[in-house]
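Q: Below are the structure tokens for one structure; questions will follow.
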Amino acid sequence: MTAESTTETTAAEERTDIETRSEILFVYDAQDCNPNGDPYNDNQPRIDQATGQAVVTDVRLKRYLREQLQTDGHGVFIRTPDDDRQAFKRIEAALGMFENVEDPKDFEMVDDIKQKFLRRAADVRYFGATFTFDVDKDKTQAMIQDRFGSNLTGPVQFSPARSLNRVERNTESKRLTSVLSSDEENQQGTFAQDERLKYAIFPFYGVVNENGAADTHLSTNDVERLDTLLWRSIKNQTISRSKIGQAPRLYLRVESEAGFHTGDLHRTVELGTSDSPGELRDIRDVTIDVTETLRTLNEVKDRIEAVHIAGDRHLTCTADWAAVDLIEPEEVDTTETSEEFTAAEFGKQIETAIGIDVDHIDIWEDFKLTLPEQAAGEENAE
């Protein structure tokens, strides 16, 4: 395969059995940028015209994650080609693994090749992949497909995200300030469209399915890597002219007993009642109401194994403890039930109020344990 990685193990000892299910709530915002252009609409930002909400697809988020995996030194199978000559040909890459398989008696090596491929292709372990074999013309390929499979369903899936606020286009930056040449002699130029949003804040929802993890050999280390990977991908992979201006604000991974999940964690956050959805321009204008998030966690706390969290101190959160049922009814009239705190303090609120074990993620230290051994050694040497 073309998944480029010389090392299959990480700096932490590899653990393979995933015995819990994880749900992810990941919130990030976008200011004066185009978080997800639509190539079928002149690359304009994706906006639901009925609601005025901006949309970022799961495909866009996964691309950020793949790019960060590749930057970190992990093997990545599905990559964006720089041009047609370097186009990544998945079919040929997949078949290249089986060049020594010429006889049915050699097929015992297929399983071993599959394992080696999955150790190298980190993105396939997370998100799966589809392989195409020419089964009609080549009987050998048909037999390989029976053993290798034509589709691996990824155990990690995200839903598309809709902004919590109605968005407005930034008309001031509608055109590039530079002129792009339209001919070889640079005698004439045309202005390129540069559509951006003034501000949007997005809640993503994801699930890590422990049952599907076995199919792609997703490991416990892979799951724990997500605790820093999403945050760092938005920090590091949104540096192009149209993408810069995005920042991670809140990451929450709820680890529950196998087979159980609450669902729709992204629907448990909403804008604070004092916010004017159409007038948000900056993270300082935003308050996120996490009352429903806390209530959901409180209701299912007996099924939760652990909560992993990272938050940004610039994001203000609010909660109504009476609505979470953590204040006795007779105390409501004499107690201030609403409280504001930063997203960086959210974990302490969960620990104190609900009594759930919380892992406070240190993004820039914890990620080092998830790097390939060679990359981790170089990072520590610095």
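Q: Of the residues in the range 16-43, how many are free of Cβ contacts under 8 Å to residues at least 60 places away in the same chain, surrounded by fewer than 18 Cβ atoms within 10 Å (Cβ to Cβ) and among the polar types (S, T, N, Q)?
A: 1
Q: Something else now. Could you list, in sequence order, all residues of the range 304-323 that are crowded, with 22+ Cβ neighbours inside 10 Å, in a strand (DSSP E or B) and of a type outside the set (Gly, Ala, Ser)?
A: Passing the criteria: Val307, His308, Ile309, Cys317.
Q: Would it be correct to say that Thr262 is without any contact (Cβ under 8 Å) to a residue 24 or more places away in the chain, assigned to a loop (DSSP other than H, G, I, E, B) and more than 19 Å from Val76 (Cβ to Cβ)?
A: no
Q: From the list Asn186, Asn211, exactly one residue is surrounded by fewer than 18 Cβ atoms within 10 Å (Cβ to Cβ) and either assigned to a strand (DSSP E or B) or at pLDDT 90 or above (or both). Which is it?
A: Of Asn186, Asn211, the one residue that is surrounded by fewer than 18 Cβ atoms within 10 Å (Cβ to Cβ) and either assigned to a strand (DSSP E or B) or at pLDDT 90 or above (or both) is Asn211.
Q: Let me ask something else about it. With the requirement that a residue be modelled with pLDDT of 90 or more, under 24 Å from the mean Cα position of the chain (by Cα) and of a type in the set (Gly, Ala, Ser), what does the range 325-382 give you?
A: Hits for the range 325-382 are Ala343, Ala344, Gly347.
Q: Do we find a residue being within 18 Å of the chain's Cα centre (by Cα), at pLDDT below 95, of a type outside the set (D, E, K, R) and part of a helix (DSSP H, G or I) anywhere in the range 60-70?
A: So far as the range 60-70 goes, yes, one or more of its residues are within 18 Å of the chain's Cα centre (by Cα), at pLDDT below 95, of a type outside the set (D, E, K, R) and part of a helix (DSSP H, G or I).
Q: What number goes with the only condition from (1) under 26 Å from Gly37 (Cβ atoms); (2) part of a loop (DSSP other than H, G, I, E, B) that Tyr251 does not pass?
A: (2)
Q: So which residues in the range 280-318 are among the hydrophobic types (A, V, I, L, M, F, W, C) and either over 18 Å from Val358 (Cα atoms) or in contact with a His (Cβ under 6 Å, 6 or more places away or on another chain) (or both)?
A: Leu280, Ile283, Val286, Ile288, Leu315
Q: Would you confirm, using the coordinates I've provided, whether Arg46 is buried (at least 17 other Cβ atoms within 10 Å of the Cβ) and free of Cβ contacts under 8 Å to residues at least 24 places away in the same chain?
A: yes
Each row is one residue, and each column tells you yes or no for (1) outside any helix (DSSP H, G or I); (2) at pLDDT 75 or above; (3) under 30 Å from Leu230 (Cβ atoms).
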residue: Val101; (1), (2), (3): yes, no, no
residue: Asp134; (1), (2), (3): yes, no, no
residue: Met143; (1), (2), (3): no, no, no
residue: Arg147; (1), (2), (3): no, no, no
residue: Leu152; (1), (2), (3): yes, yes, yes
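Q: Against the condition β-branched (Val, Ile, Thr), buried (at least 18 other Cβ atoms within 10 Å of the Cβ) and over 19 Å from Phe367 (Cα atoms), how does Thr216 come out, does it pass?
A: yes
Q: A further question follows. Which count do you get for residues in the range 143-160 that are in contact with an Asp or Glu (Cβ under 8 Å, 6 or more places away or on another chain) and either buried (at least 20 other Cβ atoms within 10 Å of the Cβ) or without any contact (Cβ under 8 Å) to a residue 60 or more places away in the chain (or both)?
A: Summing the residues that are in contact with an Asp or Glu (Cβ under 8 Å, 6 or more places away or on another chain) and either buried (at least 20 other Cβ atoms within 10 Å of the Cβ) or without any contact (Cβ under 8 Å) to a residue 60 or more places away in the chain (or both) in the range 143-160 gives 4.
Q: Still on this model: Where the second residue is of a type in the set (S, T, N, Q) and surrounded by fewer than 20 Cβ atoms within 10 Å (Cβ to Cβ) and the first is closer than 14 Å to Ser22 by Cα and lies in the range 194-223, which pairs have Cβ atoms under 6 Å and are six or more apart or on separate chains?
A: Partner pairs satisfying both residue conditions: Tyr205/Ser159; Val207/Gln157; Gly212/Thr153; Ser219/Thr16.
Q: Do you know which of the residues in the range 3-49 that are of a type in the set (Gly, Ala, Ser) and modelled with pLDDT under 95 is nearest to Val76 (Cα to Cα)?
A: Taking the candidates together, the pick is Ala3.
Q: Then there's this: Just one of (1) modelled with pLDDT of 90 or more; (2) in contact with a helix residue (DSSP H, G or I) (Cβ under 8 Å, 6 or more places away or on another chain); (3) crowded, with 19+ Cβ neighbours inside 10 Å trips up Arg166, so point out which.
A: Going through the list (1) modelled with pLDDT of 90 or more; (2) in contact with a helix residue (DSSP H, G or I) (Cβ under 8 Å, 6 or more places away or on another chain); (3) crowded, with 19+ Cβ neighbours inside 10 Å, Arg166 breaks only (3).
Q: So, one more: Looking at the range 227-248, which of its residues are part of a loop (DSSP other than H, G, I, E, B) and of a type in the set (A, V, I, L, M)?
A: Scanning the range 227-248 gives Ile239, Ile244.
The values are calculated or read from the model by the stated rules, or taken from the named source; none is laboratory data. This structure is a prediction, so every number in the text was calculated from the model and none was measured. We place every Cβ from the backbone using ideal geometry, glycine too, and count neighbours over all the protein chains shown.
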